[in-house]
Amino acid sequence: MSRELSQKKLRDFYEITPDAPIFKAEFGYYVLDRWIREGYLKPRNEVPDYDAYLREIFDYDVPARFRLSGLGWCEAAFVPAFETKILEDRGEYEVVQDHAGRSVLYFKGRRNGFMPEYLDHPVKDRKSWEKNVRWRLAPDAPGRMEAAHQSALWAKDAQKNGDIVIQGLIGGYMYLRSLMGPEDLLYTFYDDPELIHACMETWLELSDAVTAEHQKEVGFDELFLAEDICYNGGALISPEMMREFLFPYYEQLIANVRRRNHGRMMHIQIDTDGYPDRVIDLYRSIGMDYMSPFEAAAGSDVVKTAQKYPDLRISGGIDKRMIVRGGDDLRRHLESILPAMRKRGGYIPTCDHGVPEETPFENYMLYRRLMKDYCG
């Protein structure tokens with residue numbers, strides 16, 4: 001598949017072009033180690049470019065997207081990161097301080113492939129914020145702006161060659177949760193709102209500085225906020241909290257980025273797990289026009305959402321449970337989504353989160369063959 005064709009597919013996606021061929025990609029995986037053990041895939045150390053290898057096996061399109069980072073993802077962009085070290089031996093388990101300063105309970109000798117238990121977080125009050133965290137988010141931390149400048153030069157070259165440039169960053173809720181933990185954060189909104197605002201002021205200062213450094217060289221086609229603010233019942237905090245503690249900082253950053261964007265149109269994507277429909281209008285009020293990944297198990301229905309919001313770009317929405325089942329269940333599921341979404345445009349289908357470990361390889365290959373027929 002040529003890079004030029006991928007670039008056209010992506011442009012058609014952003015333009016919501018009806019009945020255009022659909023860009024083929026995947027959200028991520030939790031199953032690759034199983035497929036490697038079972039002999040379906042080569043081990044990673046035998047393949048120089050594993051992403052390209054998977055692209056060939058599963059018939060994905062050439063990415064044609066350059067992702068600028070430097071602003072965190074599931075955790076804040078600490079420079080320096082916290083030291084990763086073992087804090088406690090619990091027999092079959094161990095407590096580890098991770099790179100984000102959290103105390104995490106792991107299986108001994110295994111730190112991936114399962115949901116760990118977070119025991120503690122680095123910010124408990126104003127004192128711990130200042131002592132442990134704030135200085136790690138300084139825009140002038142050693143090496144931060146040098147790395148941003150080099151990334152911007154690479155992005156500039158990619159954009160000249162027709163690729164989409166995406167600036168990724170951790171969203172405010174995910175950032176605060178990584179600092180305080182999901183439960184303590186909720187109390188802090190009430191007990192110490194000034195601490196929340198202090199944390200968000202630092203988020204804005206760093207986000208603005210790094211994006212400004214990138215934008216000295218390149219304009220963004222998309223601003224991607226990793227938010228994860230929803231669960232299966234909707235948002236984890238109220239609309240009032242979102243408007244008070246998140247949106248003023250988002251609005252300022254978005255305004256600054258748009259002003260510096262070399263006259264280039266920029267889309268705004270919000271990435272959140274769970275059921276997002278109740279916050280779509282809220283995020284649209286600050287300029288969001290792209291959302292993902294619409295988890296079916298939480299009640300998401302991308303066809304209904306697309307009908308309600310014809311100008312919303314959508315990715316995700318393919319029920320991971322149907323991929324696991326395979327067969328006619330999978331065929332019926334895809335038939336209920338792909339024809340309508342291709343006719344409408346503005347859709348990139350992916351598993352609605354990482355492909356789960358219980359997915360049989362044969363079922364995933366059926367999924368990819370069917371997707372080839374639907375996507376063109």
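The values are calculated or read from the model by the stated rules, or taken from the named source; none is laboratory data. Values in this document were obtained by computation on a predicted structure and should not be read as measured data. All Cβ positions, even for glycine, are placed from backbone atoms using ideal geometry, and neighbour counts span all protein chains on display.
Just one of the listed residues (Lys42, Lys9) is farther than 24 Å from Asp157 by Cβ and either part of a helix (DSSP H, G or I) or at pLDDT 95 or above (or both), and it is Lys42.
Which one of these is under 24 Å from the mean Cα position of the chain (by Cα) and at pLDDT below 95: Asp33, Asp59?
Just a single option satisfies the conditions, and that option is Asp33.
Consider the stretch 268-281 and keep the residues that are in contact with a strand residue (DSSP E or B) (Cβ under 9 Å, 6 or more places away or on another chain) and surrounded by fewer than 18 Cβ atoms within 10 Å (Cβ to Cβ). The one that is farthest from Pro239 (Cα to Cα) is Ile280. Would the stretch 151-159 turn up any residue that is among the aromatic types (Phe, Trp, Tyr), part of a helix (DSSP H, G or I), touching a residue at least 40 places away in the same chain (Cβ under 8 Å) and buried (at least 16 other Cβ atoms within 10 Å of the Cβ)? No; the residues of the stretch 151-159 include none that is among the aromatic types (Phe, Trp, Tyr), part of a helix (DSSP H, G or I), touching a residue at least 40 places away in the same chain (Cβ under 8 Å) and buried (at least 16 other Cβ atoms within 10 Å of the Cβ).
Filter the stretch 158-183 down to the residues that are in contact with a Gly (Cβ under 9 Å, 6 or more places away or on another chain) and over 30 Å from Glu4 (Cβ atoms) and list them by number. Ile170, Met174, Tyr175, Ser178, Leu179 - these are the residues of the stretch 158-183 that are in contact with a Gly (Cβ under 9 Å, 6 or more places away or on another chain) and over 30 Å from Glu4 (Cβ atoms). Restricting Met145, Met174, Met200 to those that are touching a strand residue (DSSP E or B) at 6+ places or on another chain (Cβ under 6 Å) and assigned to a helix (DSSP H, G or I) reduces the list to Met174.
When the stretch 287-311 is filtered for residues that are in a loop (DSSP other than H, G, I, E, B) and either over 17 Å from the mean Cα position of the chain (by Cα) or not aliphatic (A, V, I, L, M) (or both), the ones remaining, listed by number, are Gly287, Asp289, Phe294, Glu295, Gly299, Ser300, Asp301, Tyr309, Pro310, Asp311. Just wondering, is there one or more residues in the stretch 89-99 that are closer than 28 Å to Ile323 by Cα and surrounded by 14 or more Cβ atoms within 10 Å (Cβ to Cβ)? For the stretch 89-99, residues closer than 28 Å to Ile323 by Cα and surrounded by 14 or more Cβ atoms within 10 Å (Cβ to Cβ): absent.
Evaluation of Glu38 against the conditions (1) touching a Gly at 6+ places or on another chain (Cβ under 9 Å); (2) farther than 19 Å from Asp163 by Cβ; (3) acidic (Asp, Glu) shows that the sole unmet condition is (1).
Under the condition of being polar (S, T, N, Q) and part of a helix (DSSP H, G or I), the residues counted in the stretch 342-368 number 1. The one condition from (1) over 17 Å from the mean Cα position of the chain (by Cα); (2) of a type in the set (Asp, Glu); (3) under 22 Å from Tyr14 (Cα atoms) that Asp328 does not meet is (3).
Looking only at the stretch 85-102, residues that are more than 22 Å from Asp184 (Cβ to Cβ) and polar (S, T, N, Q) come to 0 in all.
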